[in-house]
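What follows is a short report on a single structure.
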Amino acid sequence: MNDTESHNQKFGFLDKFTFDIIAEIFSYLNQRDCLNCMATCRIWYNRVPEYTTSNWKTIQLFAHSAKINIKERLDHCLGSHVKHVTLCKIQQNAFCTMLQRLKEGGCDEIESLELITCYNGMTKNHHVMFLNLLQSLAFSRLVELKMTKYNWNIALLDVLALCPHLTHFTYKPMPNIYTRPEYYSYSTMPRVVRKVTKESLGGKGEFDCLIYLNIDAAAPVIQHQAREIIQKCPHLQYYVGASMNSCAFLRDSVSYGNITLDYLLKWCPKLIHYADNGSYDGFDGYDYDEQILRKKTTPIVSTSDNVNSNNNNSTSGLIRQQQQKLCVRHLALCEGSSNRSRIDKYLTDCQDTLEHLTIAEPESNANPSNWTSLFQTIQLSHLRTLHLERLKYDNSSIIALLNTCRNTINEAHINLRFGDPNLNTQTIQQLQTLSRLERLTLHCTTFNDTSSVVALLERLPNLRRFVLCNNTIFSLPEQSNPFIKNLERIEFWSVYAIEQEVLIPALFDSMIASSLHDDEYKLKKVRLMNVSNVTFPALIGLAKLSTLTSLEVMPICTHTSYTDVWTQRNEVTTMIEKDQQDLLYFVRTLLGRSFENSNNNQHSKKKTVSKIEQLKLGTFSCHINYDILDALGDLPCLNRLILRLERVKDVTFSELVAQEKGLVNVDLSGIMELLRKGPKLKAVWFQGIASFGDRIPSDVIKDQILLEQQQKSNHYRRLQQYNTPESHNLGKTEHGYGKEWVYITKREI
């Protein structure tokens, strides 16, 4: 064997192709695959990072990322190509150690840094160490910094002074600080460790680049720091105050620490977005709005000449301030933070430019003021989104408001909790056609009859997402068929029927009959939670729609739903068998099997290919047998399945389970067949699964998975069963079997 052949065998394809080709091949791997490739040999350990720089532009580091077996390989992949970094759940000394690793790895051109549940300690030395590391990582190019659930006792001015190019800054302290008394006192306000000078700001005297500021904390100790920051942000365009979640702990301090729109316009004349304290829900953060803002906004960097000219033209500052008041395009207001007269003034001043409006009443206000007169007088001709939460007004006023923006409104979220919930045909006829409305959410609304539903849908020709919540009275009749062709998503929460059912099966039959030759319907996602009388015929009608990709229904009205303690045992057995047959027929309809067209004169059978990706069904009191699970495994696109089960009715369990394998309400061999056949199945949840004897269901399934892995490793080696963090053992029931939630996933090999 010559030296060339030996060299090729040693290095493999790394030396047979050009750098660009090899880099393209590695670009299809995820980061875990890259680390596994580096473990192959010393040569690949050294050379794989050269080809995978594009794979490491975005990294997420957790506490377990410090494990020895992956730490060295991970550190070898770091460098100036890393642009976006997320640190999650890293505490005290390990936090600074992780930042030190990034510094030593050469990550000096980071553009985005997110710190989630990171605790840096309480001493001054901890703060100084963090600031020194942040300066080395952020001084060059950092433009976005998010500190979520972080320390409360750190001076925010220190942080911003070390990031001269920062355009987006988000800060939300840890939830447990609301119980600390020092959080409410100015005397314990964090002291600035480093003096903010012109040199520390990169030669500027202000935070000239900052255009987005989100301070999700309502206490005065944080709001005072926010005021100091605002005074140094002449180009700030977006300000987001504290969320409802933060204000809920500080009801007496919300208005005291509130930063008003007038104060912001005094220092930030370019402001176009203002979200008041308590005007948005902060349980899941405010990221959805920030993503929109980031796409539509470009950083504004002013030169020193512009800064000097602004200072010299102070005489015209008042005039410019008055002009900029009319440029605010997004207002999110809460009457608990801003008084009513001030809100009326804001809306009147901004009505010619306003594009997004949110008004909310605090949860604690049981007697809100009346907004009817204001809604009848203002003209919002440019409005695109409207969110009204827990306000008091009559239906005619909100219809008058919508009519003023009929040519621009794209999204409406209306809560009639304190208003008149009744919507009749006569009232809806006052509404003009909203040609651009695509998303509509209604809370606490009562439709008097199905004709009022048809009248509303007729005026929304381009509606794509329809959401009903909180004790709404509604039914979707067959007559609405021509007006829902553009509907892509339906979500009903706690909805009760006008007639016998919320979803009338005849509607879907007419939809199928009218779309035989062309798929004119676009319905993709349906979610029905706590909706009355959702029967199998309605579900089977939904299953016939070839466009459906996600279906979530809980609970389903089954035959056993009507049983009680007086129901005869043989009647219960018959009902359980009918439920099994209906569920099996529903799954086969999803697959396109047993799909007989009602119009036999045109087509005897319509062939469809299921596009279902997510399926969540419950609650079933019947035994989920092998045939049902086997049919679910045939769904070609299914990747997420959730089945919620209840205790099987009072029938001898041995009669329901032909082969005793330890599970009461699910066939164990059917579970394994489902996991084996599902081509794209990634995760399966069984909520309320039950087992015989002393063993809990998760142990029964785990043992079966291990057995299958030993016998058929090709099919089952990727399976992994465990309980989700929120899952728990429900313990013994009166029939002596365990019951719990079980989660099964396919892990990466």
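The values are calculated or read from the model by the stated rules, or taken from the named source; none is laboratory data. Everything numeric in this text was worked out from a predicted model, so none of it was measured. Note: ideal-geometry Cβ built from the backbone for every residue, glycine included; neighbour counts use all protein chains shown. Keep in mind that these areas ignore ligands, DNA and RNA; they rest on the heavy atoms of the full protein, side chains included. Shrake-Rupley method; radii C 1.70, N 1.55, O 1.52, S 1.80 Å.
Brief remarks on what is shown
- Nearest-0.05 FRET efficiency for Gln581 and Gln376, computed from C-beta distance (R0 45 Å): 0.20
- Put simply, the amide H of Met147, placed in the peptide plane, has neighbours under 5 Å in Leu115, Thr170, Tyr171, Lys172, leaving out anything fewer than 5 places away on its chain.
- Long-range HN-HN contacts of Asn533 with modeled amide H, under 5 Å: none
- Karplus-based coupling profile of the stretch 459-475, in residue order and whole Hz: 8, 10, x, 10, 5, 10, 10, 10, 10, 10, 9, 6, 6, 7, 9, 7, 9, with θ = phi - 60° in 6.51 cos²θ - 1.76 cosθ + 1.60 and x standing for Gly or Pro.
- FRET efficiency for Asp281 and Gln429, using Cβ-Cβ distance with R0 set to 30 Å, rounded to 0.05: 0.35
- Coupling constants for the stretch 430-441 follow from the phi torsions by the Karplus curve (6.51 cos²θ - 1.76 cosθ + 1.60, θ = phi - 60°), and in residue order they are 6, 7, 7, 5, 9, 5, 10, 5, 10, 10, 10, 10 Hz; glycine and proline get x.
- Pairwise label distance in nanometres, Ser80 with Phe62, each label 7 Å out on the Cα-Cβ vector: 3.2 nm
- Cβ-Cβ distance of Thr549 and Ser54, R₀ of 35 Å, FRET efficiency by 1/(1 + (r/R0)^6): the value works out to about 0.70.
- Computed on protein heavy atoms with a 1.4 Å probe, the accessible areas place Asp158, Asp394 in the order Asp394, Asp158, largest first.
- Gain in span if fully extended, Ser136 to Phe19, counting 0.36 nm per residue against the direct Cα distance: 39.0 nm
- Distance (nanometres) between label positions extended 7 Å along Cα→Cβ at Thr574 and Asp108: 8.3 nm
- Dimensions (Å) - the stretch 24-100, Cα atoms, principal axes, largest first: 38, 24, 18
- Across the stretch 362-368, coupling constants 3J(HN,Hα) worked out from phi with the 6.51/-1.76/1.60 Karplus curve, θ = phi - 60°, read x, 4, 6, 7, 7, 10, x Hz, and Gly and Pro carry x.
- Label positions at Asn462 and Cys637, each projected 7 Å from the Cα along the C-beta direction, are separated by 2.5 nm.
- Extension gain for Asn30-Asn46 works out to 4.0 nm (0.36 nm per residue, less the C-alpha to C-alpha distance).
- Close Lys-Lys pairs in the stretch 43-153, where close means Cα under 22 Å and separation is 8 or more or interchain: 21
- Residue list for the stretch 262-281, given a label point 7 angstrom along the Cα-to-Cβ vector of Gln231 and an amide N cut-off under 19 Å: 262-270
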